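Beneath this line is the structure, given in structure tokens, with notes to follow.
None of the figures in this text is laboratory data; all of them are computed from the coordinates on show. This structure is a prediction, so every number in the text was calculated from the model and none was measured. Note that we place each Cβ from the backbone using ideal geometry, even for glycine, and neighbour counts take in every protein chain shown.
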């Protein structure tokens, strides 16, 4: 038995993946006290709308996109964990229409409990994701920590005139989703049982690079990625920032195989229920509670939600004029 086989990384942390995010309501209250981070001048995107990353105009008609993302293990295999975390970190850049340029590692590791050779596998997985994206990964920072955590601080480049933002949505445009949902409940089941879900792993390790490029080619101006706040949570942020409302066609939303079964058996992350609680005051729905939980399910390395039709991906709803309910699920 190898060290990798003997250690289940998901058992070393209280939560897993993007389900560990601070609840959106709490986060907004804290960020509201940081006025110096608001957009203005060359700071094209700050904290104003809760967008995916910061964007700063630089010389040469370009914009720098800066972001950071890290979390506790979402799968037991260390190499796969590294790939997922790095893919997820780069997604913030693609969600804003940019291309990752360079990343630096962020690693926390319980050295007294877990062989450091497993940390090397995590870093190797992260490097594999960056190599696939055609970006550089070099250096970073590490600490000794009771729980393993890994992620990347990423710097990317974009055309400042073609940024995908979350505050530019217009009524009458469709909503396109580029990856299926259900990752949160499946990851929670994996944590509890050790059962591996290859389709979920494939989704989480799929780069959002092609989807971002396709969105830009289709003329999209508005997008966000679907991670820890779930589809409903990230959609709420988008419509609120854009001054519109949204209608979601629940029957059109795709799911990873096994997600509904995992929900039925009770493998729901606490973060998913917190997401739904946060959205519920702004929500009207004609579907059952289980469907709403899946729509609010905390995703790790999920897809992009694009305002506009993107060829090859399903349309799951549309933006409509601002109404009393910011989000309606049919």
Please give the contour-minus-distance gain from residue 162 to residue 322: 0.36 nm per residue of separation, less the Cα-Cα distance, rounded to one decimal in nm.
-> 55.1 nm
Mean separation of Cα contacts under 8 Å (at least 6 apart) over the residue count of the stretch 202-312, i.e. the relative contact order in percent, is 54
Which parts of the stretch 53-88 would a label at residue 11 reach, counting a residue when its backbone N lies under 20 Å from a point 7 Å out along Cα-to-Cβ?
-> 72-82
By its C-alpha gyration tensor, with a ≥ b ≥ c as the square roots of the eigenvalues, how is the stretch 165-329 shaped: rounded for a/c under 1.5, else prolate for a/b larger than b/c, else oblate?
-> oblate
Among rounded, prolate and oblate, which fits the stretch 275-330 when a ≥ b ≥ c are the square roots of the eigenvalues of its C-alpha gyration tensor, a/c under 1.5 means rounded, and a/b larger than b/c means prolate?
-> oblate
To the nearest 0.05, what FRET efficiency results for residue 290 and residue 170 with a Förster distance of 35 Å applied to their C-beta separation?
-> 0.65
Additional length obtainable on full extension of the chain from residue 145 to residue 111, 0.36 nm per residue less Cα span = 11.5 nm
Place the peptides 176-188, 136-148 in order of packing, highest mean first, counting for every residue the other Cβ atoms within 10 Å and averaging per peptide.
-> 176-188, 136-148
Relative contact order for the stretch 107-167, counting Cα pairs under 8 Å that sit 6 or more residues apart, in percent = 54
Separation of the stretch 73-119 and the stretch 159-198 by C-alpha centroid, Å?
-> 18
For the stretch 304-330 and the stretch 217-291, what is the separation of their C-alpha centers, rounded to whole Å?
-> 11
By its C-alpha gyration tensor, with a ≥ b ≥ c as the square roots of the eigenvalues, how is the chain shaped: rounded for a/c under 1.5, else prolate for a/b larger than b/c, else oblate?
-> oblate
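Assuming R0 = 45 Å, what is the FRET efficiency of residue 43 and residue 330, from their Cβ-Cβ distance, to the nearest 0.05?
0.75
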Highest mean packing first, using Cβ neighbours within 10 angstrom, the peptides 235-243, 84-92, 274-282, 259-267 sort as 84-92, 235-243, 274-282, 259-267
Compute the relative contact order of the chain as a whole-number percentage, counting only Cα pairs closer than 8 Å that sit 6 or more residues apart in sequence.
-> 23
